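First the structure, in the form of structure tokens, and then the observations on it.
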Amino acid sequence: MSNLSPNAIKVLERRYFSRDEQGNLTEDAEMMFRRVAKSVAAAEAKFDPAADCAKWEEAFFSLMDGLKFMPNSPTLMNAGKPLGQLSACFVLPVGDSMEEIFDSVKNAALIHKSGGGTGFSFSRLRSEGSAVRSTGGVASGPVSFMRVFNAATEAVKQGGTRRGANMGILRVDHPDVLRFIDCKRDNSDITNFNISVGLTESFMSAVKAGGEYDLIDPRTKEPVKKLNAAEVFAKLVDSAWQNGEPGIIFLDRINRDNPVPHLGEIESTNPCGEQPLLPYESCNLGSINLNAVVVSKDGRAEVDYGELGRITDLAVRFLDDVIEINKYPLPEIEEKTLLTRKIGLGVMGFADMLFQLGIPYDSPEAVALAEGVMSFIKARSRRMSRQLAAERGVFPAWEGSLWQERGEPMRNATTTTIAPTGTISILCGASSGIEPLFAISFVRNVMDDDELPEVNPVFERAAREGGFYSADLMRKIAREGTLAHIAEIPRGVRRVFVTAHDISPAAHIDMQSAFQRHTDNAVSKTVNFVNSATLEDVREAFMLAYESGCKGVTIYRDGSRDSQVLNIGAVNRKEEPKVEQRITPRPRPGVTRGITEKIRIGCGNLYVTVNYDDQGICEVFANLGRAGGCPSQSEAASRLISIALRSGVEVDEIVGQLKGIRCHSTLRQMREKGLTVLSCPDAIGKVIEKVAKEQHFGPFTEKDPKAEQNAPETAAIDLPEDGEGCCPFEALNEEAKKNGECPECGERMEHEGGCVVCRNCGYSKCG
């Protein structure tokens with residue numbers, strides 16, 4: 001039986017375990033791993049009717065149950081179930097016509113509902129203001145359509161467990177590149193996308209030379225304008241310094257390593273940037289827990305390469321079997337995926353491995369270990385893919401591929417990828433991907449308002465063996481966020497147990513490039529900067545990533561977003577840590593005045609009551625009539641809105657969060673029944689707005705009534721038919737997100753692997 005932590009079990013119960021129609025759990029960890037193993041092992045009979053599927057089931061089960069390897073989350077969630085969609089990474093094309101654009105919106109919604117994340121290149125779209133011959137009008141441009149994709153993603157919840165995530169990429173030579181660089185300056189805009197600019201070799205040469213480069217019309221393929229490359233690069237640097245977006249990817253470098261160039265050009269990656277894919281291609285990922293292959297020999301810790309090889313062989317076979325049993329969300333995706341049979345085997349627990357071996361993350365020894373471990377996995381995974389090719393045949397697009405040129409029969413066009421592993425690393429009790437640890441110790445608040453320090457187990461063991469462990473010291477470490485200046489800890493221990501902000505950006509990139517040299521696809525990693533980092537620091541990191549062979553880079557400067565993530569200690573080390581202040585709502589007044597308005601929605605009649613006193617609006621009630629609907633959600637929203645109002649949140653901020661939220665039940669009936677609102681929250685927001693205007697409460701700004709009348713209708717996408725997503729009061733979580741807290745459990749989140757992850761409950765911004 002696997003040695004799962006209480007936190008891992010909590011994440012599994014919340015996100016992974018099967019439930020019955022009443023929402024009751026119907027499996028535990030052993031049953032989940034058995035379900036997945038049995039389902040995947042059944043593929044063996046497809047290749048050999050006499051195959052011992054039970055043997056492979058046991059081998060796969062032991063791999064997962066022993067926490068030595070984990071597949072990507074959709075495989076854990078969906079294997080052996082009717083949905084059966086097992087891949088995490090997809091790329092969809094976006095063509096330059098209204099039909100192609102909205103086909104992609106619809107297809108993305110289907111993928112998100114099935115549990116996957118999508119990447120898009122918007123580089124084929126003509127620039128904003130370009131002529132549209134068919135209508136005589138002008139084009140909206142890539143950024144405008146990204147907002148359409150973003151809104152569709154907001155409306156679809158992935159299988160009830162995962163929020164949709166996207167990557168948006170635009171080539172640096174697209175005429176709208178400057179608009180694209182700025183499109184996420186506002187942290188509340190296009191929130192369901194990570195964005196990256198696709199840089200070319202010619203652009204980077206122009207940056208170095210200080211020269212100009214051409215912007216190319218995507219429709220005519222002709223130059224339309226010139227820009228100074230150094231100035232565009234400086235704008236990229238400035239935007240990344242401001243809030244971490246956009247990232248950059250090196251398109252020519254990615255296509256240089258494209259194993260199947262005869263099938264087309266790679267334009268985009270998955271949401272975290274580690275998996276470049278052709279249009280309509282998908283890839284299933286899995287990660288080896290490196291922490292599990294460190295053994296003690298003669299009193300010294302070392303890497304057990306024999307065990308690492310055994311795990312790698314089994315993992316490659318597992319992932320190839322997943323391709324065979326997968327139920328793909330679109331026929332085009334099935335066709336393209338089966339042509340190349342790409343898999344992405346990566347690692348997690350690298351920081352834990354370094355701790356066990358006594359090697360500092362930012363040292364030449366760590367880089368050498370990274371190269372040694374990943375070169376071994378790359379060679380061993382390719383050997384296993386060749387073995388599977390002998391047993392099952394090469395991937396169908398092998399003829400014409402780089403593998404044919406090399407004379408190597410391969411079952412899989414690619415075998416290795418370094419993914420973030422945010423949630424699955426929690427299950428394994430391991431550090432995420434190849435990231436350094438964000439904190440050695442942090443404080444988790446428990447129900448009785450006590451503070452419980454959680455400490456990295458390797459450090460705790462070292463502290464106890466060294467005789468300097470104490471609960472007070474662990475709390476001090478949590479406050480400081482680093483061991484660097486804590487004199488009670490021996491210098492040698494401090495040197496080994498470095499964390500993300502102890503490590504220079506150059507050392508982060510050295511590690512990323514070390515893994516990239518032995519990875520077929522790409523490496524997902526965040527390069528962390530302290531808050532005081534300069535624009536020049538970021539520029540140097542971008543250039544170093546280019547010069548050291550990385551395929552892309554994502555940076556994050558501590559404290560640079562409103563949605564600050566797990567921040568142990570002060571953002572600026574010159575400042576004292578800020579004391580968190582609690583806001584207490586004012587008591588409900590004894591006497592109130594107000595109105596009640598009846599509004600027709602998709603579920604029936606909604607009665608919205610808005611009460612106020614001399615200080616302003618103080619409470620809201622929303623009740624549904626006998627037709628049904630979602631009364632518990634309406635009551636929850638009403639209570640939260642009332643608390644927010646009595647806590648001093650401006651009424652226009654609340655209205656802005658509620659208005660515009662859509663419910664498919666209401667939208668379906670708008671024309672038929674003449675409904676005037678989009679959802680329960682939209683109705684509540686409009687009644688609050690009406691009262692605020694009539695009573696002149698707060699800094700409420702009058703809206704242009706024509707603007708609302710001219711608002712675009714919802715895109716025609718296939719929405720779920722099972723009530724999923726009805727009345728999603730997700731806007732109420734936005735304040736939590738802005739403060740860097742997990743919108744689901746309230747704990748602080750971490751930037752890692754090009755994403756934002758909650759290590760407490762497993763929530764991930766990137767799905």
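Screening Ala51 with (1) modelled with pLDDT under 95; (2) of a type in the set (A, V, I, L, M); (3) open to solvent by 10 Å² or more (accessible area, probe 1.4 Å) gives one miss only, at (1). Evaluated against (1) under 30 Å from Asn228 (Cα atoms); (2) modelled with pLDDT under 90, Ser114 falls short on exactly one condition, (1). The residues listed here are Lys336, Lys342; of these, the one that is in contact with a strand residue (DSSP E or B) (Cβ under 8 Å, 6 or more places away or on another chain), of a type outside the set (S, T, N, Q), open to solvent by less than 10 Å² (accessible area, probe 1.4 Å) and over 16 Å from Gly433 (Cβ atoms) is Lys342.
For region 21-38, residues that are open to solvent by less than 60 Å² (accessible area, probe 1.4 Å) and part of a loop (DSSP other than H, G, I, E, B) total 2.
Output the residues belonging to region 484-508 that are surrounded by fewer than 24 Cβ atoms within 10 Å (Cβ to Cβ) and touching a helix residue (DSSP H, G or I) at 6+ places or on another chain (Cβ under 7 Å). Across region 484-508, the qualifying residues are Ala484, Ile486, Glu488, Pro490, Val493, Val496, Pro505, Ala506. Looking across region 505-522, just one residue is among the small types (Gly, Ala, Ser) and closer than 12 Å to Glu435 by Cα, and that is Ala507.
Can you confirm whether Arg14 is of a type outside the set (Gly, Ala, Ser), open to solvent by 70 Å² or more (accessible area, probe 1.4 Å), in contact (Cβ under 8 Å) with a residue 40 or more places away in the chain and more than 20 Å from Asn326 (Cα to Cα)? It is true that Arg14 is of a type outside the set (Gly, Ala, Ser), open to solvent by 70 Å² or more (accessible area, probe 1.4 Å), in contact (Cβ under 8 Å) with a residue 40 or more places away in the chain and more than 20 Å from Asn326 (Cα to Cα). Only residues that are surrounded by fewer than 24 Cβ atoms within 10 Å (Cβ to Cβ) and not charged (D, E, K, R) were counted in region 115-147, giving 17. The C-beta contact set for region 229-243 (first residue in contact (Cβ under 8 Å) with a residue 12 or more places away in the chain and more than 14 Å from Lys208 (Cβ to Cβ), second residue crowded, with 21+ Cβ neighbours inside 10 Å and charged (D, E, K, R), distance under 9 angstrom, 6+ apart or interchain) comprises Ser239/Lys184; Ser239/Glu245; Ala240/Arg557; Trp241/Arg557; Gln242/Arg557; Asn243/Lys184; Asn243/Arg557. Of all residues in region 396-425, those being touching a helix residue (DSSP H, G or I) at 6+ places or on another chain (Cβ under 8 Å) and open to solvent by 10 Å² or more (accessible area, probe 1.4 Å) number 9.
Here is a list of conditions, (1) at pLDDT 95 or above; (2) within 24 Å of the chain's Cα centre (by Cα); (3) within 27 Å of Gly559 (Cα to Cα), and Val498 meets all of them except one; can you say which number that is? Failing condition for Val498: (2). In summary, Ser532 fulfils each of the numbered conditions (1) part of a helix (DSSP H, G or I); (2) open to solvent by 40 Å² or more (accessible area, probe 1.4 Å) with the single exception of condition (1). Of the helices (runs of 4 or more DSSP H) lying entirely inside region 199-264, the ones with 3 or more residues being open to solvent by 70 Å² or more (accessible area, probe 1.4 Å) are found at 201-209. Among the listed residues Ala507, Ala522, which satisfies the condition of being modelled with pLDDT of 95 or more, small (Gly, Ala, Ser) and over 23 Å from the mean Cα position of the chain (by Cα)? Exactly one residue qualifies, and that residue is Ala507. Among the conditions (1) in contact with a strand residue (DSSP E or B) (Cβ under 9 Å, 6 or more places away or on another chain); (2) touching a residue at least 12 places away in the same chain (Cβ under 8 Å), the only one that Asp510 does not satisfy is (1).
Does Glu391 fit the bill of being open to solvent by 30 Å² or more (accessible area, probe 1.4 Å), more than 19 Å from Ser282 (Cβ to Cβ) and in a helix (DSSP H, G or I)? So Glu391 fits the description; yes. Those strands (runs of 3 or more DSSP E) of region 273-323 in which at least 3 residues are crowded, with 24+ Cβ neighbours inside 10 Å and at negative phi, considering only elements entirely within it, cover 282-289. Inside region 148-180, residues that are outside any helix (DSSP H, G or I), open to solvent by less than 10 Å² (accessible area, probe 1.4 Å) and either in contact with a Phe, Trp or Tyr (Cβ under 8 Å, 6 or more places away or on another chain) or at pLDDT below 95 (or both) make up a count of 11. Within the option set Ala45, Ala41, Ala88, Ala59, being within 28 Å of Thr417 (Cα to Cα), open to solvent by less than 10 Å² (accessible area, probe 1.4 Å) and in contact with a helix residue (DSSP H, G or I) (Cβ under 9 Å, 6 or more places away or on another chain) holds for one residue only, Ala41.
The values are calculated or read from the model by the stated rules, or taken from the named source; none is laboratory data. Computed from a predicted model, the values in this text were never measured in an experiment. As a convention, Cβ positions derive from the backbone with ideal geometry for all residues, glycine included, and neighbour counts pool all protein chains shown. Remember, those area values only see protein heavy atoms, side chains included, never the ligands or the DNA or RNA. Shrake-Rupley method; radii C 1.70, N 1.55, O 1.52, S 1.80 Å.
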